[in-house]
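Trainee: Here it is: the structure, laid out below.
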Amino acid sequence: MSQPADSASAPVSGPDSAPLPPVLAAARLAPLYQEALRRHCTLHDRLHETDPAAFVALAPHIQVVAAQGETRVSAELMAQLPALKLISVMGVGYDGVDVAEALRRGVMVTHTPDVLNDEVADTAIGLMLCAARQLPAADRFVRAGEWLKGPMPLQRKMTGARLGIVGMGRIGKAIAQRALAFRMSIAYHARSAKPELPWDYEASVVALAARSDFLVVITPGGAGTRHLINAEVLQALGPKGVLVNVARGSVVDEAALVSALQEGALGGAALDVFADEPRVPEALLGMPHVVLTPHIGSATHETRQAMCDLAVNNVAAQLAGRPVLTPVPECR
Ligand code: NAP
């Protein structure tokens, strides 16, 4: 449901009658982010979509676009914003932003790395435990009165199992640190080996899957990782293997995943992200050995506040003419 858009055609005045600079929200932003931004600017909520005429009048004044993890900020939108200086993403992933075009136009892109590492890593471990021990199914079992008829079937052990991590960046490392407490053996795949880490590197995702009981995916989304987890990888993970995706839906070939699960070629899956969110493939909804969560990797009050603070501090820095705090790697 759309929220009403601001329809001002020029910057609005602040309480001291100094004009607050206009900022365009390129998508519906979290209320937390909207409120915090409004302390620094006049926020125009998706004005380009809701009031094109007002947008045309305001566009030459807009220096900042505010976005979230997967918000699309296209070359077409940038072309309409001749004064654009910054795209501030509240989220570490920024696969919706056309960064090549931003670079070409001299537009800075910022994101919110590190402050969500713990939360997303906790989510990944939680999903692994849910998949191994079938905790959501156990909850359903009790509620449905099934326990009165007999015990729930035995499940599998996670402690001591073999963990493969696809993507050994900030969050991948935080997942590995937690997995050590479960005495898991760890191996990983990334674009390059990390000689400073004590774990085995596999140059091929298929080879990593073949030696893993649990395969956790935590790479960025976008063209570079599209369908990195394909039918061959799922086949290698095998009928006892479990896929955990906390990265982006685009990284997994969802059709191949559904087929592998239906055929028993893959043991199970725990998925926080999907190709066409919030729509989830119908076939997955009916599978008891699949755990589904609605993209909640970083979704706690504490972590979303920290992400919001960092995203807004980037905007405030830009508006005050100071260097931004956390540019994406391409803009450093
Ligand atoms: P990061 O520090 O940049 O780490 C990304 C890792 O992915 C790096 O190890 C990188 O390899 C690897 N990688 C990138 N492209 C690859 C490719 N084509 N093939 C194989 N590996 C590749 O990022 P991060 O902070 O850990 O965040 C990772 C991602 O998690 C985000 O971009 C976002 O999509 C996702 N995320 C999801 C949620 C959620 O709610 N579920 C929340 C936060 C983040 P190198 O080290 O060799 O460069």
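Trainee: If the elastic network links every pair of Cα atoms under 10 Å, which of 299, 260, 18 fluctuates the most in the Gaussian network model of the chain?
Mentor: 18
Trainee: How would you rank 215-221, 134-140, highest first, on the average number of other Cβ atoms within 10 Å across their residues?
Mentor: Details: 215-221: 24.6, 134-140: 15.6.
Ranking, from highest mean packing down: 215-221, 134-140.
Trainee: Roughly speaking, what is the stretch gain from residue 30 to residue 185, that is 0.36 nm per residue apart minus the C-alpha to C-alpha distance, in nm to one decimal?
Mentor: Contour length minus the Cα-Cα distance gives 52.0 nm.
Trainee: As a check on your grasp of the helix formula, calculate [θ] at 222 nm for the chain: sum -39500 (n - 2.57) over DSSP H runs of n ≥ 4, divide by the residue count, round to the nearest 500.
Mentor: Taking each H run of at least 4 residues, the total per residue is -9500 deg cm²/dmol.
Trainee: Let me ask you something else. Quick query: amide H of residue 266 versus all other amide H atoms, modeled in the peptide plane; which residues come in under 5 Å with a sequence gap of 5 or more or a different chain?
Mentor: Correct list: 261.
Trainee: Using mean Cβ contacts within 10 Å as the protection proxy, how do 83-90, 230-237 order, highest first? Could the numbers behind the result be given before it?
Mentor: Details: 83-90: 23.4, 230-237: 20.9.
So the peptides 83-90, 230-237, ranked by packing, come out 83-90, 230-237.
Trainee: Residue-wise, which Karplus ³J(HN,Hα) couplings in Hz belong to the range 87-101, taking 6.51 cos²θ - 1.76 cosθ + 1.60, θ = phi - 60°, and x for glycine or proline?
Mentor: 10, 9, 9, 8, x, 7, x, 9, 5, x, 8, 7, 5, 4, 5
Trainee: How big is the charge dipole of the range 58-178 about its Cα centre, in debye rounded to the nearest 20, if each Lys and Arg gets +1 on its Cβ and each Asp and Glu gets -1 on its Cβ?
Mentor: Computed charge dipole of the range 58-178: roughly 540 debye.
Trainee: Please list, in order along the range 25-35, the HN-Hα scalar couplings obtained from phi with the Karplus expression 6.51 cos²θ - 1.76 cosθ + 1.60 (θ = phi - 60°), rounded to whole Hz, x for Gly and Pro.
Mentor: Per residue, the Karplus-derived 3J(HN,Hα) values read 7, 6, 8, 5, 8, 4, x, 3, 5, 4, 4 Hz.
Trainee: Test of understanding: what is the full-extension gain from residue 287 to residue 223, defined as 0.36 nm times their sequence separation minus their Cα-Cα distance? Write out the running numbers ahead of the final one.
Mentor: Working: separation 64, 0.36 × 64 = 23.04 nm, distance 2.89 nm.
Value of the extension gain: 20.1 nm.
Trainee: For residue 194, go through the aspartates and glutamates and keep the ones whose alpha-carbon is under 17 Å away, minus same-chain ones fewer than eight residues off.
Mentor: Result set, ordered by chain and number: 202.
Trainee: How many nm is it between the label spots at residue 156 and residue 105, if each spot is 7 Å from the Cα in line with the beta carbon?
Mentor: It works out to 4.8 nm between the two label points.
Trainee: Between the range 138-157 and the range 218-250, what is the C-alpha centre distance in whole Å?
Mentor: So the two Cα centres are separated by 30 Å.
Trainee: Next question. At 1.4 Å probe size, with every protein chain present, just tell me what the per residue accessible area of the chain comes to in Å².
Mentor: Heavy-atom accessible area per residue stands at 47 Å².
Trainee: Next question. Which percentage, to the nearest 5, of the DSSP beta bridges contained in the range 214-332 is antiparallel?
Mentor: 10 percent
Trainee: To continue, here is another question. Out of all DSSP beta bridges in the chain, what portion is antiparallel? Express it as a percent rounded to 5.
Mentor: 5 percent
Trainee: Ranked from the most accessible area to the least, with a 1.4 Å probe and all protein chains present, what is the order of 101, 277?
Mentor: Final ranking, largest accessible area leading: 277, 101.
Trainee: Express in nm, to one decimal, how much length is gained between residue 207 and residue 149 on full extension, taking 0.36 nm for each residue of separation and deducting their alpha carbon distance.
Mentor: Result for the pair: 16.6 nm of gain on full extension.
Trainee: For residue 240, list the lysines whose Cα falls under 24 Å from its own Cα; do not include residues on the same chain fewer than 8 positions away.
Mentor: Here the lysines satisfying the reach criterion relative to residue 240 are 157.
The values are calculated or read from the model by the stated rules, or taken from the named source; none is laboratory data. In this text the structure is predicted, and so the values were computed from the model without any measurement. Neighbour counts run over all protein chains shown; Cβ positions are idealised from the backbone, glycine included. Accessible surface areas use protein heavy atoms only, side chains included; no ligands, DNA or RNA. Shrake-Rupley method; radii C 1.70, N 1.55, O 1.52, S 1.80 Å.
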